[in-house]
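Undergrad: One structure is given below, represented as structure tokens, and several questions about it will come after.
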Amino acid sequence: MLFSALQQDRPLQLILLLLAVVTIVIPVCNLVFAPGSALYFSAYTVSLIGKYLTFALLALSLDLVWGYCGILVLGQGAFFALGGYAMGMYLMRQIGSRGVYGDPVLPDFMVFLNWKELPWYWHGFDHFGFAMLMVMLVPGLLAFVFGWLAFRSRVTGVYLSIITQALTYALMLAFFRNEMGFGGNNGLTDFKDIIGFNLQSDAVRACLLLFSGLALITSLLACRWLVSTKLGRVVTALRDHESRVRFLGYRVELFKLWVFVLSAMLAGIAGALYVPQVGIINPSEFSPLHSLELVVWVAVGGRGTLYGAIIGAILVNFCKTLLTGLLPEIWLFSLGAMFILVTVFLPDGLAGLSFNKLRLKQS
Amino acid sequence: MSETLIDRYHTFDFVKRPVLAGELDISHRTILYMEDVSVSFDGFKALNNLSLYIDSGELRCLIGPNGAGKTTLMDVITGKTRPDSGLVYFGQTMNCLAMDEPSIAQAGICRKFQKPSVFEQLNVSENLELAMHVDKRVWTTLLASLNAAQQERIDEVMETIGLQDMRHQQAGVLSHGQKQWLEIGMLLMQEPKLMLVDEPVAGMTHQEVDRTAELLLSLRGKHSIIVVEHDMEFVRSIANQVTVLHEGAVLTEGSMDEVQNDPRVIQVYLGDATC
């Protein structure tokens with residue numbers, strides 16, 4: 001079923017091919033060629049591309065829930081940040097006694113706060129497997145509880161969007177507090193190793209990019225499969241006509257719930273891949289602004305296509321890197337302009353544009 | 001003990017036929033009971049102590065002027081609106097007021113809406129597939145694929161509603177009449193025991209109206225059907241039993257001729273048309 005869905009989806013094939021090339025070529029060139037060679041990609045480029053790929057995965061997760069399920073989540077960044085924190089906690093525990101205070105168990109900020117022992121929720125994070133489980137479980141659980149309550153009470157539309165925004169804002173305020181035990185304002189940083197390998201080394205950075213790319217490709221295929229199943233059609237139907245689907249005998253709230261949970265888990269994975277590549281996670285990742293920017297990525301790329309979200313995320317972030325470097329003060333204006341232009345002239349985003357062109361060529 | 005022996009309304013347990021949960025019991029021929037149902041919206045009584053009984057296999061037409069409570073009545077049966085008081089039973093055993101919309105739909109009460117509400121982004125065949133009477137839980141839906149019998153059923157229904165050549169058309173591009181037909185097709189796919197059909201011929205051409213009447217007549221006996229319609233000619237062509245609603249209550253019941261000659265009906269409803 002996935003195969004036949006792929007065959008019809010030309011733009012998706014193209015994006016998959018591009019992603020595969022990027023995922024393989026950049027790390028290999030970085031490791032094989034010497035600096036100065038024309039084919040060499042610097043360590044900076046490698047982490048930058050790796051970061052873009054995690055953003056693309058985040059955008060993909062939003063497109064699944066917004067583009068197909070019709071739930072405009074304005075707090076998707078919360079799940080991303082939670083996944084990031086879970087990874088950050090593992091990386092903190094990996095530091096061991098190499099911290100500034102040299103405590104073998106407690107991370108530096110806890111020693112600084114005069115804490116004597118590790119809070120219960122930090123236990124287990126020294127195991128990589130456990131931490132990876134939490135990367136998916138914690139965002140998934142939060143989405144489950146939140147979605148269960150919201151969808152059962154039939155909260156929809158703009159009200160739901162605002163509540164999700166409030167959720168991420170509340171989490172941001174909570175994580176800012178030192179008593180929470182997540183490093184407060186400064187967050188978690190100063191990471192050294194990941195499963196015993198030095199995070200600063202070229203090989204590890206190349207591997208992180210590779211894993212980000214693989215995670216993105218796998219998730220893209222999984223999401224494409226999901227929307228081509230009958231469940232995908234039910235979800236599309238309820239996006240357009242929720243009560244009608246209910247009268248057909250489907251428990252609409254459960255369908256929405258599972259898609260929402262899946263999307264939160266994908267966002268969590270994206271966050272976990274993001275943190276080791278940028279080297280820090282702090283509460284500002286929960287900021288509602290990040291979640292809103294994410295909506296712009298998906299809108300620019302085109303929602304409801306999956307690959308559109310990926311194009312949008314990479315393109316907007318590339319512009320961001322370029323503009324914040326050259327003319328930092330105009331970045332926010334251009335982001336706003338981009339959003340307005342796309343909404344007015346390209347309601348289907350860039351994906352809509354490319355799709356129309358492909359169709360024109362065929363006919 | 002003696003009290004229960006004297007009590008003429010007491011039924012002893014050994015007389016009662018056990019009915020499995022979720023099973024429709026129509027041993028008394030009546031498929032739908034509505035008793036003393038009242039619904040009010042901000043003081044306006046949309047339904048006022050309405051009582052209505054539908055026999056199994058019957059095709060019943062509901063008529064009445066605008067605001068008589070026809071759509072509210074359908075909302076109550078399908079669980080969309082909760083009445084302030086009254087009883088609604090599906091068969092002998094199923095209490096509709098204790099069930100939510102999906103369970104009522106799964107129990108076999110299916111509804112066609114006044115405004116055609118097909119899924120415009122999906123094609124004709126997919127619309128029918130979603131309506132199909134199968135296990136509709138999340139995981140089974142995720143892994144569901146059409147078997148030969150199901151595919152055949154979809155083809156059959158597509159033929160019945162005359163859309164067999166448009167199976168891959170998006171429902172959004174269908175004409176109004178075709179959307180109405182697709183809705184009826186979706187209703188058929190659900191294998192309903194009781195069909196609620198709200199204004200099936202609104203906006204249809206003459207030929208389409210005739211075909212709809214034919215279709216509904218062919219379903220009589222196999223399904224119990226309640227049709228709400230304004231088109232009197234259409235109602236006359238299909239109904240043997242007509243119920244007239246007025247101000248949220250049943251005004252009268254009977255054959256089309258009886259009803260049309262009832263002075264009260266003429267006064268509240270047909271009166272306007274004749275003078």
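Condition check ((1) touching a Ser or Thr at 6+ places or on another chain (Cβ under 7 Å); (2) closer than 25 Å to A:Leu226 by Cα; (3) within 10 Å of chain A (Cβ to nearest Cβ)) across all residues:
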{"site": "B:Cys110", "(1), (2), (3)": "no, no, yes"}
{"site": "B:Glu120", "(1), (2), (3)": "no, yes, yes"}
{"site": "B:Ser125", "(1), (2), (3)": "no, yes, no"}
{"site": "B:Leu128", "(1), (2), (3)": "no, yes, no"}
{"site": "B:Thr160", "(1), (2), (3)": "no, no, no"}
{"site": "B:Gln169", "(1), (2), (3)": "no, yes, no"}
{"site": "B:Pro200", "(1), (2), (3)": "yes, no, no"}
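Undergrad: Here's something else I'd like to know. I'd like to verify a number: residues in region B:118-139 that are surrounded by 15 or more Cβ atoms within 10 Å (Cβ to Cβ) and part of a helix (DSSP H, G or I), how many? Even if it seems obvious, please write down each step before you answer.
TA: To start, the set of residues in region B:118-139 that are surrounded by 15 or more Cβ atoms within 10 Å (Cβ to Cβ) comprises B:118-134, B:136, B:138.
Now narrow it down to the ones that are part of a helix (DSSP H, G or I): B:124-131, B:138.
The total comes to 9.
Undergrad: Restricting the search to region B:35-65, which residues are among the small types (Gly, Ala, Ser) and part of a strand (DSSP E or B)? If you could, list the steps in order and put the result at the bottom.
TA: Residues of region B:35-65 that are among the small types (Gly, Ala, Ser), as a first pass: B:38, B:40, B:43, B:46, B:51, B:56-57, B:64.
If the condition is that a residue be among the small types (Gly, Ala, Ser) and part of a strand (DSSP E or B), then B:Ser38, B:Ser40, B:Ala46, B:Ser51 are the ones that fit.
Undergrad: Which residue out of A:Leu48, A:Leu31, A:Leu53 is surrounded by 22 or more Cβ atoms within 10 Å (Cβ to Cβ) and at negative phi?
TA: On the way: A:Leu48 fails: surrounded by 22 or more Cβ atoms within 10 Å (Cβ to Cβ); A:Leu31 fails: surrounded by 22 or more Cβ atoms within 10 Å (Cβ to Cβ).
One residue alone meets the criteria, A:Leu53.
Undergrad: Additional query: Any residue in region B:174-192 that is within 10 Å of chain A (Cβ to nearest Cβ) sitting within a Cβ distance under 7 Å of a residue that is part of a helix (DSSP H, G or I) and modelled with pLDDT of 90 or more? List the pairs, counting only those 6 or more apart or interchain.
TA: Partner pairs satisfying both residue conditions: B:Met186/B:Asn127; B:Met186/B:Leu128; B:Met186/B:Ala131; B:Met189/B:Leu128; B:Met189/B:Ala131; B:Met189/B:Val157; B:Gln190/B:Ala131.
Undergrad: Collect the residues in region A:193-224 that are outside any helix (DSSP H, G or I), touching a Phe, Trp or Tyr at 6+ places or on another chain (Cβ under 8 Å) and surrounded by fewer than 14 Cβ atoms within 10 Å (Cβ to Cβ), keeping them in residue-number order.
TA: The one that is outside any helix (DSSP H, G or I), touching a Phe, Trp or Tyr at 6+ places or on another chain (Cβ under 8 Å) and surrounded by fewer than 14 Cβ atoms within 10 Å (Cβ to Cβ): A:Ile195.
Undergrad: Moving to a separate point now. Spot the failing condition for B:Leu52; the list is (1) farther than 21 Å from B:Gly221 by Cα; (2) of a type outside the set (S, T, N, Q); (3) surrounded by 16 or more Cβ atoms within 10 Å (Cβ to Cβ); (4) modelled with pLDDT of 90 or more, and only one is missed.
TA: Tallying (1) farther than 21 Å from B:Gly221 by Cα; (2) of a type outside the set (S, T, N, Q); (3) surrounded by 16 or more Cβ atoms within 10 Å (Cβ to Cβ); (4) modelled with pLDDT of 90 or more, B:Leu52 fails exactly one: (1).
Undergrad: (1) closer than 30 Å to B:Asp262 by Cβ; (2) without any contact (Cβ under 8 Å) to a residue 40 or more places away in the chain; (3) at the interface with chain A (Cβ under 10 Å from one of its Cβ atoms): which one isn't true of B:Arg29, the others all being true?
TA: All conditions pass for B:Arg29, except number (3).
Undergrad: Restricting attention to region B:231-265, which residues are part of a helix (DSSP H, G or I) and touching a Ser or Thr at 6+ places or on another chain (Cβ under 7 Å)?
TA: Here is the first cut: in region B:231-265, the residues part of a helix (DSSP H, G or I) are B:232-238, B:256-261, B:263-265.
B:Val259, B:Arg264, B:Val265, listed by residue number.
Undergrad: Just wondering, is there one or more residues in region A:149-163 that are outside any loop (DSSP other than H, G, I, E, B) and farther than 29 Å from A:Gly70 by Cβ? Please lay out each step first, then the result.
TA: Step one: list which residues in region A:149-163 are outside any loop (DSSP other than H, G, I, E, B), which gives A:149-152, A:157-163.
Still in the list and also farther than 29 Å from A:Gly70 by Cβ: none.
No, region A:149-163 has no match at all.
Undergrad: Picking from B:Lys70, B:Lys115, which residue would you name as being more than 9 Å from chain A (Cβ to nearest Cβ), of a type in the set (Lys, Arg) and surrounded by fewer than 15 Cβ atoms within 10 Å (Cβ to Cβ)? Spell out how you get there, then give the answer.
TA: Details: B:Lys70 fails: surrounded by fewer than 15 Cβ atoms within 10 Å (Cβ to Cβ).
Result of the check over B:Lys70, B:Lys115: B:Lys115.
Undergrad: With respect to A:Ala131, is the statement that it is of a type in the set (Gly, Ala, Ser), under 21 Å from A:Leu289 (Cβ atoms) and buried (at least 19 other Cβ atoms within 10 Å of the Cβ) true?
TA: No; evaluated as a whole, the condition is false for this residue.
Undergrad: Still on this structure, I have one more. Could you please find all residues in region B:29-44 being surrounded by fewer than 16 Cβ atoms within 10 Å (Cβ to Cβ) and either farther than 20 Å from B:Met94 by Cβ or basic (Lys, Arg) (or both)? Spell out the reasoning first.
TA: First, the residues of region B:29-44 that are surrounded by fewer than 16 Cβ atoms within 10 Å (Cβ to Cβ): B:29, B:35-36, B:40-44.
Answer for region B:29-44, where residues must be surrounded by fewer than 16 Cβ atoms within 10 Å (Cβ to Cβ) and either farther than 20 Å from B:Met94 by Cβ or basic (Lys, Arg) (or both): B:Arg29, B:Ser40, B:Phe41, B:Asp42, B:Gly43, B:Phe44.
Undergrad: If you don't mind, there's one more thing I want to ask. Would you kindly identify the helices (runs of 4 or more DSSP H) lying entirely within region A:234-307 that contain at least 2 residues that are among the aromatic types (Phe, Trp, Tyr) and either at pLDDT 95 or above or closer than 21 Å to B:Phe119 by Cβ (or both)?
TA: Values: elements: A:242-247, A:252-278, A:288-301.
So the answer is A:252-278.
Undergrad: Separate question: Quick one: which residue in B:Asp155, B:Asp165 is more than 25 Å from B:Ile225 (Cα to Cα), away from every other protein chain (no Cβ under 13 Å) and either of a type in the set (D, E, K, R) or under 21 Å from the mean Cα position of the chain (by Cα) (or both)?
TA: Working: B:Asp155 fails: more than 25 Å from B:Ile225 (Cα to Cα).
The match here is B:Asp165.
Undergrad: Could you pull out the residue among B:Asp25, B:Asp75 that is assigned to a loop (DSSP other than H, G, I, E, B) and closer than 22 Å to B:His133 by Cα? Break it down into steps so the answer makes sense when it comes.
TA: On the way: B:Asp75 fails: assigned to a loop (DSSP other than H, G, I, E, B).
Selected residue: B:Asp25, the only one of B:Asp25, B:Asp75 that is assigned to a loop (DSSP other than H, G, I, E, B) and closer than 22 Å to B:His133 by Cα.
Undergrad: Among the residues of region B:93-106, which ones are outside any strand (DSSP E or B) and either buried (at least 21 other Cβ atoms within 10 Å of the Cβ) or more than 9 Å from chain A (Cβ to nearest Cβ) (or both)?
TA: As a first pass, look at region B:93-106 and keep what is outside any strand (DSSP E or B): B:93, B:96-106.
Those that are outside any strand (DSSP E or B) and either buried (at least 21 other Cβ atoms within 10 Å of the Cβ) or more than 9 Å from chain A (Cβ to nearest Cβ) (or both): B:Thr93, B:Cys96, B:Leu97, B:Ala98, B:Met99, B:Glu101, B:Ile104, B:Ala105.
Undergrad: For the structure I just gave you, tell me whether B:Leu142 is surrounded by 21 or more Cβ atoms within 10 Å (Cβ to Cβ), farther than 20 Å from B:Cys110 by Cα and free of Cβ contacts under 8 Å to residues at least 40 places away in the same chain. Full working, then the answer.
TA: Values: surrounded by 21 or more Cβ atoms within 10 Å (Cβ to Cβ): no; farther than 20 Å from B:Cys110 by Cα: yes; free of Cβ contacts under 8 Å to residues at least 40 places away in the same chain: yes.
So B:Leu142 does not fit the description; no.
Undergrad: Across region A:218-254, what is the total count of residues that are within 26 Å of the chain's Cα centre (by Cα), more than 8 Å from chain B (Cβ to nearest Cβ) and within 19 Å of B:Gly79 (Cβ to Cβ)?
TA: Matching residues across region A:218-254 total 2.
Undergrad: Within region B:189-209, track down each residue that is modelled with pLDDT of 90 or more and in a helix (DSSP H, G or I).
TA: Result: B:Met189, single match.
Undergrad: Continuing with this model, one more query. Is there a residue in region A:125-148 that is among the acidic types (Asp, Glu) and assigned to a helix (DSSP H, G or I)? Break it down into steps so the answer makes sense when it comes.
TA: In the first step, residues of region A:125-148 are kept if they are among the acidic types (Asp, Glu); the result is A:126.
From what is left, the residues that are assigned to a helix (DSSP H, G or I) are none.
No: zero hits.
Undergrad: Out of the residues in region B:78-92 meeting the condition of being part of a loop (DSSP other than H, G, I, E, B), at pLDDT 90 or above and more than 11 Å from chain A (Cβ to nearest Cβ), tell me which one is surrounded by the most Cβ atoms within 10 Å (Cβ to Cβ).
TA: Of all residues in region B:78-92, those part of a loop (DSSP other than H, G, I, E, B) come to B:79-84, B:91-92.
With the extra rule that they be at pLDDT 90 or above, the set shrinks to B:79-84.
Okay, now just the ones that are also more than 11 Å from chain A (Cβ to nearest Cβ), so B:81-84.
Details: B:Thr81: 17, B:Arg82: 9, B:Pro83: 22, B:Asp84: 12.
Across region B:78-92, the extreme among qualifying residues is B:Pro83.
Undergrad: Scan region A:102-126 for residues that are more than 18 Å from A:Gly184 (Cα to Cα) and surrounded by fewer than 13 Cβ atoms within 10 Å (Cβ to Cβ) and jot them down.
TA: Matches in region A:102-126: A:Gly102, A:Pro104, A:His123.
The values are calculated or read from the model by the stated rules, or taken from the named source; none is laboratory data. None of the values given here were measured: they were computed from a predicted structure. All Cβ positions, even for glycine, are placed from backbone atoms using ideal geometry, and neighbour counts span all protein chains on display.
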